[in-house]
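Participant: Dumping the structure here so I can ask a few things about it.
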Amino acid sequence: MKLASLKHGRDGKLVVVSEDLAFYADAGQIAPTLQAALDGWAGIEPLLRNLATDLEHAVIPRERFREHEAAAPLPRAYQWADGSAYVNHVALVRQARGADMPDSFWHDPLMYQGGSDGFLGPRDPIPLKDESWGCDLEAEVVVVTGDVPLGASRAQALDAILLVGLTNDVSLRNLIPGELAKGFGFFQSKPASAFSPVFVTPDALGDGWRDGKLHRTLMVDLNGEPFGRAQAGEDMTFDFGALIVHAAKTRRLGAGTIIGSGTVSNRDRDGGPGKPIADGGVGYSCLAELRTVETIRDGKPATGFLKAGDRVRIWAEDDQRRSIFGAIEQVVEG
């Protein structure tokens, strides 16, 4: 089942979307918003599934689904916690800036709590007031949970995953060092994130969802050229079960919590840093990692950060090369 929110007020209007992303059916008589559906998931999910079945069989009124009319599936959320599950990415970025890599990073997930009071839609521009801030894309996988109890087990964590999607978790790289030096985490360096047009129930992903991971290629284009083709199910040190267990260690997680994977990152086949697509690698899911590889290789980065007019596209496909979540496609707007 695929769910989306059309732009409408602060919290959008919930719709069920066809498997091919071509049509939608209004779900307002079942739940006005996705958050309302998540709050009452046990009773509401079966009704949404019936609506999805009727939509697929074209026995109910339907409208064309246009991704540019979609808001983020959750236009705002009670909680947005982003992990860094691909520790290869963390190790490379820290290496480039000369920071030590504690061994604990391989055993204890990194996670920060991001702003969730307003997310960008999949076609909304990336606002950038100052290019000197070092604007970067970050292509990630996300899940949305139901209620998660305090001290949840791995089994409880995995059972709590209700929806899967993608995000562009924008970072302002040149603001990060100063913030981290204060010892209090990210704030100004992490502006609003954008999400894929639809979120999908795990069962609808088939064998693309297993072991708490999305086993699909995360596709990233930059200005119309292939930039990243990383395998989301590979080199993921902490799966979503582990990330949710970590988040719930000292607190309950409310329905509608969004958990991010962090930047998807693959090592090269020889175990070293990933290579650009042009050099036979799978590329990158953020500019910082490419700049890191350039620094390690050449002593300094050659690639700049995003600037006004740059276009980012992030999506994933099934085995028939059909878009699963729709595409995040954003232009940087100065």
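The values are calculated or read from the model by the stated rules, or taken from the named source; none is laboratory data. Bear in mind that the values here come from a model prediction, so they are computed numbers and not experimental data. Neighbour counts are summed over all protein chains in view; Cβ atoms, including those assigned to glycine, are modelled from backbone coordinates with ideal geometry. Just so you know, the surface numbers come from the protein's heavy atoms only, side chains and all, with ligands and any DNA or RNA stripped out. Shrake-Rupley method; radii C 1.70, N 1.55, O 1.52, S 1.80 Å.
Participant: On the accessible surface of the chain, probed at 1.4 Å, how many percent belong to carbon and sulfur atoms?
Facilitator: Of the solvent-accessible surface of the chain, carbon and sulfur hold 49 percent.
Participant: Same structure again: In the range 255-305, what trypsin sites (Lys or Arg not before Pro) fall in a loop by DSSP, with at most 16 other Cβ atoms inside 10 Å?
Facilitator: Answer by residue number: Arg269.
Participant: While we're on this one: Calculate the dipole size of the range 1-114 relative to its Cα centre from +1 charges on Lys and Arg beta carbons and -1 charges on Asp and Glu beta carbons; express the result in debye to the nearest 20.
Facilitator: 340 debye
Participant: Shifting gears a bit: Identify which of the listed values of Cα extents along the principal axes in Å was calculated from the structure shown: [x] 71, 57, 43; [y] 61, 43, 37; [z] 54, 49, 38.
Facilitator: Looking at Cα extents along the principal axes in Å for this model, the match is [y].
Participant: Kirkwood hydrodynamic radius, computed over distinct alpha-carbon pairs, for the range 124-229: how many Å, to one decimal?
Facilitator: Roughly 16.2 Å, rounded to one decimal.
Participant: Mind ranking Ile328, Ile30 by accessible surface for me, highest first, 1.4 Å probe?
Facilitator: Ile30, Ile328
Participant: Per-residue counts of other Cβ atoms within 10 Å, averaged by peptide: what ranking do you get for 199-207, 141-149, 242-250, highest first?
Facilitator: The densest-packed peptide leads the list: 141-149, 242-250, 199-207.
Participant: Also, quick follow-up: For the range 252-334, what class follows from the C-alpha gyration tensor (a ≥ b ≥ c being the square roots of its eigenvalues): rounded when a/c is under 1.5, otherwise prolate if a/b is larger than b/c, else oblate?
Facilitator: It comes out prolate by the Cα gyration axes.
Participant: Based solely on its DSSP helices, what 222 nm [θ] is calculated for the chain when runs of n ≥ 4 H residues each add -39,500 (n - 2.57) and the sum is averaged over all residues, nearest 500 deg cm²/dmol?
Facilitator: -5500 deg cm²/dmol
Participant: In square angstrom, rounded to the nearest 10, how much accessible surface does Arg49 have for a 1.4 Å probe?
Facilitator: Only protein atoms counted, so the area is about 70 Å².
Participant: Based on Cα coordinates alone, diagonalise the gyration tensor for the range 145-185, multiply each eigenvalue by 5, take square roots, and list the semi-axes in whole Å, largest first.
Facilitator: Three semi-axes, in Å: 32, 16, 6.
Participant: Could you give the dipole magnitude of the range 111-245 about its Cα centre, charging the beta-carbon of Lys and Arg +1 and that of Asp and Glu -1, in debye to the nearest 20?
Facilitator: 140 debye
Participant: Further, regarding this structure: In Å³ and rounded to a whole number, note down the convex hull volume per residue for the Cα atoms of the range 150-293.
Facilitator: Considering the Cα atoms of the range 150-293, their hull volume per residue is 149 Å³.
Participant: Follow-up. Would you be so kind as to identify which of Leu74, Gly185, Val59 lies farthest towards the positive end of the dipole of the chain, taking Lys and Arg as +1 and Asp and Glu as -1 on Cβ and the Cα centre as origin?
Facilitator: Of Leu74, Gly185, Val59, it is Gly185.
Participant: While we're looking at this one, here's another question. Identify all lysines with a Cα-Cα distance to Lys190 below 16 Å; exclude those on the same chain that are fewer than 8 residues away in sequence.
Facilitator: Cross-link targets: Lys129, Lys182.
Participant: Based on alpha-carbon positions alone, could you give the equivalent ellipsoid semi-axes of the range 1-127 from the gyration tensor, as √(5λ), descending, whole Å?
Facilitator: Square roots of five times the eigenvalues give 37, 16, 15 Å.
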